[in-house]
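Have a look at the structure below before the remarks.
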Amino acid sequence: MEIKQVRLIYFSPTGTTQKILESIAKGIAVEDVKHIDLTFPAGARQTIPPFSDELAIIGAPVYGGRLPVDAINRFKRIKARNTAAVVIVVYGNREFEDALLELKNLAIELGFNPVAGGAFIGEHSFATKDTPIAHGRPDRLDVRKAMDLGARIKDKITALQSPDARVDLEIPGRFPYEGGPRSLAVSPVIDKDLCTVCGTCATVCPTAAISMNECMSHNSELCIRCCACIKICPAGARVWEDSTMKYFANWLHENCSARKEPQIFGIDV
Ligand SMILES: Cc1cc2nc3c(=O)[nH]c(=O)nc-3n(C[C@H](O)[C@H](O)[C@H](O)COP(=O)(O)O)c2cc1C
Ligand code: SF4
Ligand code: SF4
């Protein structure tokens with residue numbers, strides 16, 4: 001089977017998942033690559049035509065060893081007809097636990113035929129300058145591994161007799177799934193002395209938790225703690241004041257700094 005079109009389907013508040021998917025697509029080396037970015041509220045409402053003979057690369061970050069609920073809800077709008085798919089999770093150098101298995105099973109439920117999977121590492125959303133966790137990842141080595149995975153996926157799919165050929169993809173994880181992000185109704189606070197009210201943070205919030213009024217207010221109930229607003233703020237005006245979030249960042253920095261490497265499933269490496 002020849003790959004003519006690649007579709008990148010993702011939820012990626014701080015962009016690391018998107019970067020891995022783009023690198024895999026580069027390794028596949030097909031001209032027709034389109035993004036279905038479900039990160040932002042407007043993108044999440046887009047009309048998505050049913051999939052058929054494209055190759056889909058579906059990616060999401062790991063939140064509490066699981067998929068983010070918003071990613072699941074947005075992916076559930078997609079329908080496929082035995083479309084070959086690669087499932088990818090990106091995690092912050094702690095663990096990915098049940099997230100990749102959950103994504104594989106969700107992909108099957110949506111009508112995809114998962115042929116390969118991968119768990120890559122991205123800088124942890126909670127990392128700060130003082131508590132770095134997987135700083136700068138995915139880095140050049142990760143990108144090279146993702147491109148290499150793309151090339152191998154191409155070989156595997158080319159060797160398939162037909163797009164319908166069911167692949168038995170083994171992914172580690174527990175079912176029923178365990179874990180999930182802790183429920184904490186907190187959001188980053190704004191340092192009003194630094195904030196220039198430029199509005200950039202509101203444009204990257206995946207849940208529309210930030211209102212663009214004169215004091216840039218936010219709704220903590222909607223906040224999923226993705227940290228996109230903190231990472232994008234050009235003035236460094238968004239920070240965590242919440243003690244639990246500070247504790248998490250410190251703990252992760254102290255316990256999860258040893259470099260982990262991407263893991264690939266369904267492809268001989
Ligand atoms: C609420 C929340 C929970 C997270 N839980 C985990 C986790 O269980 N394990 C882990 O290694 N990283 C965890 N992370 C870190 C992200 O998986 C990681 O930073 C990822 O690269 C973010 O992807 P993105 O850049 O596509 O948004 C969590 C991040 C957030 C915001
Ligand atoms: S991005 Fe930073 S400076 Fe701009 S409005 Fe948001 S908090 Fe203020
Ligand atoms: S307000 Fe919360 S959900 Fe919105 S970008 Fe900031 S951390 Fe993410």
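So the values come out like this:
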| quantity | calculated |
| --- | --- |
| Test result for K231, farther than 27 Å from Y63 by Cα and not aromatic (F, W, Y) | no |
| Members of the stretch 199-210 that are in a loop (DSSP other than H, G, I, E, B) and within 11 Å of ligand 2 (Cβ to nearest atom) | G199, C205 |
| Subset of the stretch 232-249 [more than 10 Å from ligand 2 (Cβ to nearest atom) and surrounded by 15 or more Cβ atoms within 10 Å (Cβ to Cβ)] | W240, D242, M245, K246, F248, A249 |
| Unique residue being crowded, with 20+ Cβ neighbours inside 10 Å, in contact (Cβ under 8 Å) with a residue 12 or more places away in the chain, charged (D, E, K, R) and in a loop (DSSP other than H, G, I, E, B) when the list is E97, E102 | E97 |
| Test: residue in the stretch 176-194 that is near ligand 2 (Cβ under 9 Å from one of its atoms) and among the β-branched types (V, I, T) | yes |
| Number of positions in the stretch 103-131 that are among the charged types (D, E, K, R), touching a helix residue (DSSP H, G or I) at 6+ places or on another chain (Cβ under 9 Å) and more than 25 Å from A151 (Cα to Cα) | 1 |
| Boolean, L67 is out of contact with any Gly (no Cβ under 8 Å at 6 or more places or on another chain), crowded, with 19+ Cβ neighbours inside 10 Å, in contact (Cβ under 8 Å) with a residue 24 or more places away in the chain and closer than 26 Å to R238 by Cβ | yes |
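No value in this document is a laboratory result; all are computed from the given coordinates. A quick note: this is a predicted structure, and the numbers were derived from the prediction, not measured. Positions of Cβ are generated from backbone atoms using ideal geometry, with glycine treated the same way; all protein chains shown enter the neighbour counts.
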